[in-house]
Structure formats: structure tokens, C-alpha cells
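Everything below concerns the one structure shown next.
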Amino acid sequence: MSTVTKYLIYGPKDDLKRLPEKLVSAHPPKFLFKHESTAGSDRVYVTVYEEYDKQTNSTVSVVCIAEYTPEHTRVHLKKSGGRLGFKGSSLREEKNIESDLIEFIIDYTTRYGLSLQNDEEGDDESEE
């Protein structure tokens with residue numbers, strides 16, 4: 001089971017720059033990698049979140065990649081793991097880490113008046 005959610009966020013560069021930092025402080029990840037470009041002001045945050053579900057005895061991992069440029073911020077969320085099958089395979093209605101991250105991103109963009117779009121770029125490459 002693997003899903004990818006992609007967003008492009010446009011707006012003032014100060015608010016775009018703060019988004020990955022606020023996301024990390026609001027939802028502390030298990031692993032964090034931060035890279036800042038020496039030539040420009042570009043930044044990349046790679047965070048890994050893990051959540052254990054005791055009922056299905058499975059672990060769900062979410063990798064969040066936030067790429068900041070002065071023009072936009074691109075956020076990719078890749079969910080993997082979990083269990084689908086006969087034993088304990090119910091789609092959970094309760095909150096999980098992926099829905100918390102998406103809710104935070106939507107709330108942040110609404111609060112600061114940013115433009116949020118689904119990123120459809122690069123879908124053809126992943127299908128091949």
C-alpha cells in the first residue's frame with residue numbers, strides 16, 4: 001500500500017520559507033534531514049514519520065519532502081506500509097499521521113492566504 005500526495009504552494013516568500021519549519025515543530029518527525037543551497041536560498045526538508053497501529057500489528061510510514069524556492073514550496077507526502085488483506089484489514093476512520101500533516105498544510109495555507117494546488121507534474125515518469 002503506497003500513496004503519494006503532492007502540493008504546490010504559492011505566496012509571499014517569508015511565509016513559504018516558514019512552512020517546512022512550522023511543520024517540523026508542530027509534528028516532530030522520527031528522522032529529519034535539512035539541506036540549504038549554498039548558491040541560492042533554496043531549502044529541502046526530508047522528514048520521516050512512523051506510526052504503529054496496534055490493532056493490525058503494522059507500521060505506517062510517511063515521508064514528507066518539502067522543497068522551498070522563493071517562487072513556491074513543493075510538498076510531497078508518500079505513505080507506505082500498513083496492512084491490507086484478510087486479517088485485520090480495515091480502512092481506519094480515525095486520524096493518522098498522514099491526515100494530520102495534510103490538515104496542517106491546508107490550515108497553514110488558509111491562515112496565511114497562500115495558494116494551494118495539487119501538483120500533477122511528474123506523474124508520467126512514475127508510471128513508466
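What to note about this one:
- Given (1) in contact (Cβ under 8 Å) with a residue 40 or more places away in the chain; (2) among the charged types (D, E, K, R); (3) in contact with a Ser or Thr (Cβ under 6 Å, 6 or more places away or on another chain), index of the condition Asp42 fails: (1)
- Taking each residue of the range 99-122 that is more than 16 Å from Ile65 (Cα to Cα) and looking for partners that are part of a loop (DSSP other than H, G, I, E, B) and not polar (S, T, N, Q) with beta-carbon atoms closer than 7 Å, six or more apart or interchain, yields Tyr112/Gly11; Gly113/Gly11; Leu114/Gly11; Ser115/Gly11.
- Looking across the range 12-46, the residues that are surrounded by fewer than 17 Cβ atoms within 10 Å (Cβ to Cβ), over 23 Å from Lys79 (Cβ atoms) and in contact with a strand residue (DSSP E or B) (Cβ under 9 Å, 6 or more places away or on another chain) come down to Lys13, Lys17, Glu36, Ser37, Ser41, Asp42.
- Within the range 1-58, tally of residues that are in contact with an Asp or Glu (Cβ under 7 Å, 6 or more places away or on another chain) and closer than 23 Å to Leu116 by Cα: 6
Readers should treat all values here as calculations from the given coordinates under stated rules, not as data from a laboratory. Note that the structure is a prediction, hence the values are computed from the model and not measured. Reconstructed Cβ throughout: ideal geometry from the backbone, glycine too, with neighbour counts over all protein chains shown.
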